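Here's the structure, in structure tokens; my notes come after.
The values are calculated or read from the model by the stated rules, or taken from the named source; none is laboratory data. Note that the structure is a prediction, hence the values are computed from the model and not measured. Positions of Cβ are backbone-derived with ideal geometry, glycine not excepted, and every protein chain shown enters the neighbour counts.
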Amino acid sequence: MNITIQQIKTLDAVIKQGSIQAGAIFLNKTHPSVITVLKKLERELGFAIFDRSGYRSKLTQEGKAFYKRSKSFLNHLEELEIEAKYLCDDKEPEITIVIGDITPVAQVLKVLRNFSAHNKHTHLNLLFENLEGANERLLNGDADLMIHFIDKSDPRLEYKDITQVDIIPVVGRDFLDIPVTKGLKFSDLDQYTQCIIRSTASKQQEKTYFVLEESPHITVGDQYTKKQVIMQCMAWGHMPSFLIEEELAQGELLSLEGKYLKRKPVDIVVSRLQKKRHGIMANCLWDLF
């Protein structure tokens, strides 16, 4: 069987336009040439598409079934043609974005949803990394964009500010056996287990964040697990404010903020490599931030 795209498009035009004559005009073909194409299609299929016994030709049962499938094929063909044009225009089919562990994902997804709604032929590949793991992905060229905190003095990066996240020291309501006061010091917490996030960087990182080296630790792989560990009174730790607002308001978690233990505001940015050649669609997404 050798069915051609031209045959299916001709059938589609005839049915949509309502007659062979109208279909021929739409296709800029002659009436006899359209009839020839349709008859050849019927020979290839081995059954009649049209019932020609009446004044007007109409689809046979087999013809209706075949046309239903052929419409699906034409829809996929149209998508393929659009995607081919994307590639021909140097519009990249995929953008990789690495998102850091303290990034408010819901806020970022609003921008990504807007992009996807208008650029459905560019696939978004989202990576999630902790601490320096996100920066490592970007600097190694594994991602086109990073949404995380950065060293803003790093000349390798350009960035745009997105939002600011407060990192707050918190504890479960019944975890400490000392009063939670504004005068608490880090030294008061030395004997208590601290929950910390495991960096996903492949190389050993010297930088640590809020870690009391002499304290016992529980190490976890993501902020959501860390939150549950703290809420179950297994440890205390620092959490991004947007993840714990409700629990603080309801008293399930207590803030340890005071004279010595303070919240730390962190700038969340979208960043990319300065010297890298960025694709058309990556630039389009960058402009949305």
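What the table shows:
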{"item": "Output for segment 17-70, where each listed residue is under 16 Å from I3 (Cα atoms), over 48 Å from the mean Cα position of the chain (by Cα) and in contact (Cβ under 8 Å) with a residue 12 or more places away in the chain", "result": "I35"}
{"item": "Single residue of I178, I196 found to be assigned by TED's automatic domain parsing to the domain that holds D222, touching a residue at least 12 places away in the same chain (Cβ under 8 Å) and not in a helix (DSSP H, G or I)", "result": "I196"}
{"item": "Qualifying position, being out of contact with any helix residue (DSSP H, G or I) (no Cβ under 6 Å at 6 or more places or on another chain) and either assigned by TED's automatic domain parsing to the domain that holds K120 or of a type in the set (A, V, I, L, M, F, W, C) (or both), among F47, F73", "result": "F73"}
{"item": "In segment 232-257, the residues that are assigned to a strand (DSSP E or B) and in contact with an Asp or Glu (Cβ under 6 Å, 6 or more places away or on another chain)", "result": "L253"}
{"item": "Boolean, D144 is among the acidic types (D, E), in the same structural domain as Q274 (by TED's automatic domain parsing) and either under 14 Å from the mean Cα position of the chain (by Cα) or on the phi > 0 side of the Ramachandran plot (or both)", "result": "yes"}
{"item": "Options V211, V229; residue that is touching a strand residue (DSSP E or B) at 6+ places or on another chain (Cβ under 7 Å), in a helix (DSSP H, G or I) and either closer than 16 Å to G172 by Cβ or of a type outside the set (F, W, Y) (or both)", "result": "V229"}
{"item": "Members of segment 69-96 found to be surrounded by 14 or more Cβ atoms within 10 Å (Cβ to Cβ), closer than 17 Å to F115 by Cβ and at pLDDT 85 or above, listed by number", "result": "I95, T96"}
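Residue-wise test of (1) closer than 30 Å to P155 by Cα; (2) outside the structural domain of R156 (by TED's automatic domain parsing).
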{"residue": "Y209", "(1), (2)": "yes, yes"}
{"residue": "P216", "(1), (2)": "no, yes"}
{"residue": "Q223", "(1), (2)": "yes, yes"}
{"residue": "I230", "(1), (2)": "no, yes"}
{"residue": "E257", "(1), (2)": "no, yes"}
{"residue": "R277", "(1), (2)": "yes, no"}
{"residue": "I280", "(1), (2)": "yes, no"}
